Each structure stands twice: as structure tokens, then as C-alpha cells.
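Trainee: Before anything else, here's the structure in question.
What follows draws every value from the coordinates through simple rules; no lab data is involved. Fair warning: this is a prediction, and the values are worked out from it, not measured in the lab. Please note: Cβ atoms are built from the backbone with ideal geometry, for glycine as well, and neighbour counts cover all protein chains shown.
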Amino acid sequence: MGGVSTEARDPGLQPERTRLAWRRTTLSSTVAAVLAVKTALHGGASPLSVALCALCCGLWLGFLWVAHRRIRALATSPRPAALAPRHATAAVLCTVAMAACAAVLVF
Amino acid sequence: MIEFVRNVRLWFAPEQVREEGSTPDYRFSLANERTFLAWLRTALALIGGGFAVDQFLPDLRWAWRVGLALALLGAGVLCSLRAVNHWVRCERAMRRGEDLPASRFPALLSLVVAVVAVAMVVVVLVGWAG
């Protein structure tokens, strides 16, 4: 680029790759949430299944919120700070809670 | 076990992780984060598989269907909890300049997936013969 060094950008594009990894994970969580809604509303709409359906949608939104915050942090800074354990735990807890909903729905 | 409890405390306390050692190159932290996300996607895929077994195999006997679905869901839960635990351990090892933790979990997960796959083959063959 004519000797112009772009010091601000990492040549390995690590923040971008991490951002895309968050997007892929959000997509996976969307697929799981869609399957959850399908399962919940499959056998007719009982109060329990509607409640679990709403809970799964809420968990999906929670995951989306965590991912969005992290994506924004990665996009704004060329040297982003490490992921906070609290956010990693929040993302994992959303996943675990969705599995718990799934266990109740399947049973 | 005590080590695990200490790790669980670290999941919620970013300050405590930062107290130890020195901050590693941000690229190492990001690589660790991507590994964590890859494991989390594996967990989500297992959970989605649990839903799919329940929804798309309606001809299966109830016990088989629920058993397989619960096995997949259980594997998903284990996988996601292990993802965050391993991430914290790697993050701490990098800060202290230690070796990264070794793990038996990938072998365990492969074995579980293989067993579930064999079970699926048996179920399909039994259903086809009957």
C-alpha cells in the first residue's frame, strides 16, 4: 500500500475473526431456539408449553444481547480487551437453560 | 473438586482473573475466545440435535426417542459447562505463563457421539426390519 503502514489493523484480522465466530454462534443459537419453538408448539398450546416457548425466546434474546455487546466491543477497538468471564458465563447459562427447557419439552 | 469450585467462582469474577500474572497478547485472548465459541456452537448443535430427534423421528418408540434426546441434551449441557471452564483455565494459564491445561474432554465427547451414532444405526435397522 505504497509504504503506508496501517498500524491500527492487526494483519491476522483477529478481532474480525472473533466477531464472525460470535455471529456463527448466534446463528447456532437461533437454530436451537427455532427448533425449541417448533417442539413447544407441536403438541398443541398448553400453558406449560407456551411458558417454555416464551422462556426459550427470552434466553435467545439474552444470548443475542451478550453477543451484540461483544461484537460492538470488538468492532470499535483495534486492540479489544479479553472477554469478561461474566459474559462467557452468561452465554453458557443461556445455553444450559435452553437445554433444560428442551429436557422438559421432550419428556 | 476444590479446584473446580475455585474455577466456578472465577466464571463470575473478572477482577480475580485479572489480579494474577500479566495481560497476555490480546491475540492469544481472542484465539482462546474463538475456541470457547467453537465449543459453545458444538453444545448448541448437540441441543439442536436433541430437539431434532424428538421432532423428526415420530415413529420411534417413546423410550428410545426420549433416551436419545436426553443423551444429546445432556452432552450439550456438559459441553457448554466445560467450554467456559476450559476457557477460564486457559485464560489463567496464559496470564501466569504456564502450560495450557490438557483435557480428556474431546476424547470423551467423541466416544459419546460415536455411541449415539451406533445407537441410531441400530434404531434405524430395527425399525426397517420390523
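Trainee: Using the alpha-carbon atoms, what tilt in degrees (0 to 90, nearest 10) does helix B:62-96 show relative to the longest principal axis of chain B?
Mentor: For helix B:62-96, the angle is close to 10 degrees.
Trainee: For the protein assembly as shown, what does the equivalent ellipsoid look like in terms of its semi-axes, each the square root of 5 times an eigenvalue of the Cα gyration tensor, given largest first in whole Å?
Mentor: 36, 20, 18
Trainee: Determine the dipole magnitude for the protein assembly as shown: charges of +1 sit on the beta-carbon of Lys and Arg, -1 on that of Asp and Glu, nothing else is charged, the reference point is the Cα centre, and the result goes in debye to the nearest 20.
Mentor: In total the dipole reaches around 240 debye.
Trainee: Just the C-alpha atoms of chain A: what Rg/Rh do they give, with Rh taken as the Kirkwood radius?
Mentor: Answer for chain A: 1.17.
Trainee: If you project the alpha carbons of chain B onto the principal axes, what extent comes out on each, in Å, largest first?
Mentor: 63, 24, 21
Trainee: Taking each residue in B:79-87, count the Cβ atoms of any other chain within 10 Å of its Cβ, then average. What number comes out?
Mentor: The mean count of partner-chain Cβ atoms within 10 Å per residue comes to 4.
Trainee: Can I ask one more? Got a sec? Which residues in segment A:65-107 would a label at A:A45 touch, if it sits 7 Å along Cα→Cβ and we count backbone N under 19 Å?
Mentor: Backbone N within reach: A:105.
Trainee: OK, next. Suppose the chain between B:F105 and B:V8 were pulled fully straight at 0.36 nm per residue; how much longer would it get relative to their current alpha carbon spacing?
Mentor: Between B:F105 and B:V8, full extension yields 33.2 nm more.
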